[in-house]
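Asker: First the structure, then my questions, so here it is.
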Amino acid sequence: MKKGCYDRYSEERLKNAINVKSCIREAMGNYLRNNGFTEISPVIISPETDPLHHSTGKAGFEYYKGRYQLTKSMILHKQISLLALDKVFVFSPNVRLEPVELADTGKHLVEFTQLDLEVAGATRDDILTIVEELVTHVLNHVKDKCKEELDYFDRELNIPKPPFEKIKYHHAYNKYGRIFEEVLSHEKQQPFWIIDFPSDEREFYDREDPSRPGILMDMDLIYPEGFGEALSGGEREFDPKRIVGRMNEQELELEEFKLYLEFAEKGLPSSAGFGIGLERMTRFVCGLNDIKDTCLFPKMPGTIGL
Ligand code: ASN
């Protein structure tokens, strides 16, 4: 066993970060249940999952005559859940086989949990408001309940004031180029939005604005102080013709989304939602460099962990 692997379990650092993560999760769940959301169960295996735009390997296994994949995000299942319920959330374990180049970013895990949420009939603006209220609620709760832990990390938590600043993707890109997220994240003192991503930058399910072809009704929330991306989300495509059109643009195999497309053909409600990573939020709240310190059993890109 590598030196330090065993010792980290008796360190105050790990204990305090896990306590904060637990507190964040409690605050998220309570806030959402009090605001009319229903918690649904995570889907761990499914023949169809989020294709993701960036390069993550497929994780799965054969079972009888089919193949299951491990969930990369519950986006497809969230949309379908809205046939039964209007406002859903889930603490969803996601597995993304990230390349080894991402091992040292301090932000990437191969297995993580995101709070994934979806609301039938909602617009992007509705979701921005929910996120701003949720994030300020969670930070207030942690500030109140985790004084000892925050003291240990020497972390002064500033509670941001909604509405958060909105920056259009093309403004940020024109000013700072590809690394805009990193530059702006270091520059800002409170969380802010990047909105209106170009359609070739994101997955097929984020809705293209009908009045602005090529621009999506989506968003990322970015943490300040260099902590980077907190969440992504947006309004969703729900018209089956548009879904298929976007899948074709992205050269996806329609066959790989056969069951999802059957639901879409029968009718999915319009919706909007987002997913926010629990470990990244814990990293931000505690002011940690390495996301590994937010996990009892971290799975880092390029290595095998317990
Ligand atoms: N959960 C995200 C969303 O709702 C999608 C993702 O994690 N890729 O948009």
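Derivation of every value follows stated rules applied to the coordinates shown; laboratory data play no part. Being a predicted model, the structure only gives us computed values, none of them experimental. Counting neighbours? That spans all protein chains shown, and the Cβs are built from the backbone with ideal geometry, glycine included.
Asker: Could you compute the net charge surrounding PRO163? Neighbours are other residues with a C-beta less than 11 Å from the C-beta of PRO163; K and R count +1, D and E count -1.
Answerer: With Lys, Arg at +1 and Asp, Glu at -1, the net is -2.
Asker: With charges set only on the Cβ (+1 for Lys and Arg, -1 for Asp and Glu), what does the dipole of segment 3-294 come to about its Cα centre, in debye to the nearest 20?
Answerer: On the way: 38 positive and 53 negative charges, 79 e Å.
That gives segment 3-294 a dipole magnitude of about 380 debye.
Asker: With a point put 7 Å past each Cα toward its Cβ, work out how far ARG242 is from HIS54 in nm, to one decimal.
Answerer: Each label point lies 7 Å from its Cα, and together they span 2.6 nm.
Asker: Could you name the aspartates and glutamates whose alpha carbon sits less than 20 Å from that of LYS258, not counting residues in the same chain fewer than 8 places away?
Answerer: GLU48, ASP50, GLU62, GLU203, ASP206, GLU237, ASP239, GLU249
Asker: Moving on. Which pairs, out of LYS78/LYS175; LYS168/LYS292; LYS21/LYS87; LYS143/LYS188; LYS72/LYS107, put more than 28 Å between their alpha-carbon atoms?
Answerer: Distance filter (> 28 Å) returns LYS78/LYS175; LYS168/LYS292.
Asker: A further question follows. Once you list every other residue whose beta carbon is under 12 Å from the beta carbon of ASP200, what net charge do they have if Lys and Arg are +1 and Asp and Glu are -1?
Answerer: Taking every other residue near ASP200 into account, the sum is -4.
Asker: Is segment 3-294 rounded, prolate or oblate when judged by the Cα gyration tensor, a ≥ b ≥ c being the square roots of its eigenvalues, rounded requiring a/c under 1.5 and prolate requiring a/b larger than b/c?
Answerer: Here segment 3-294 falls in the prolate category.
Asker: Something else now. Among bridges DSSP assigns within the chain, what percent are antiparallel (round to 5)? It would help to have the intermediate numbers written out before the result.
Answerer: Details: 41 of 47 bridges.
The answer is about 85 percent antiparallel.
Asker: Moving to a separate point now. Hey, if you put +1 on the Cβ of every Lys and Arg and -1 on every Asp and Glu Cβ in segment 151-306, which of ILE159, TRP193, TYR176 ends up farthest toward the positive end of that dipole?
Answerer: Toward the positive end, the furthest listed residue is ILE159.
Asker: Using unit Cβ charges (K, R positive; D, E negative) and no other charged atoms, how large, in debye to the nearest 20, is the dipole of segment 32-96 about its Cα centre?
Answerer: 120
Asker: For ARG178 paired with SER46, estimate the spin-label separation in nm (one decimal), with each label point 7 Å from Cα along the Cα-to-Cβ line.
Answerer: Placing both labels 7 Å along Cα→Cβ, they lie 3.1 nm apart.
Asker: With θ set to phi - 60° and the Karplus curve 6.51 cos²θ - 1.76 cosθ + 1.60, what are the ³J(HN,Hα) couplings of segment 154-168 in order, to the nearest whole Hz, using x for Gly and Pro?
Answerer: Karplus-based 3J(HN,Hα) across segment 154-168 equals 6, 10, 8, 8, 8, 8, x, 10, x, x, 6, 4, 10, 10, 6 Hz.
Asker: Also, quick follow-up: Return the long-range amide H neighbours of TYR223 (sequence gap of 5 or more, or a different chain), with a cut-off of under 5 Å between placed amide H atoms.
Answerer: Placed amide hydrogens put GLY228, GLU229, ALA230 under 5 Å from TYR223.
Asker: Which residue, PRO240, LEU221, PRO210, has the largest displacement toward the positive end of the dipole of segment 209-248 when charges sit on each Cβ (Lys, Arg +1; Asp, Glu -1)?
Answerer: The one lying farthest along the dipole's positive direction is PRO240.
Asker: Based on the alpha-carbon gyration tensor of segment 64-123 and its eigenvalue square roots a ≥ b ≥ c, which shape applies: rounded if a/c is under 1.5, prolate if not and a/b is larger than b/c, or oblate? Provide the component values of the computation, followed by the final result.
Answerer: Values: a/c = 3.28, a/b = 1.52, b/c = 2.16.
Cα axes put segment 64-123 in the oblate bin.
Asker: Find how many whole Å separate the alpha carbon centroid of segment 238-283 from the alpha carbon centroid of segment 146-167.
Answerer: 33
Asker: Here's something else I'd like to know. Can you give me the long-range amide H partners of PHE197? Hydrogens built in the peptide plane at 1.01 Å from N, cutoff under 5 Å, separation of 5 or more residues or another chain.
Answerer: Amide H neighbours of PHE197: LEU216, ASP218.
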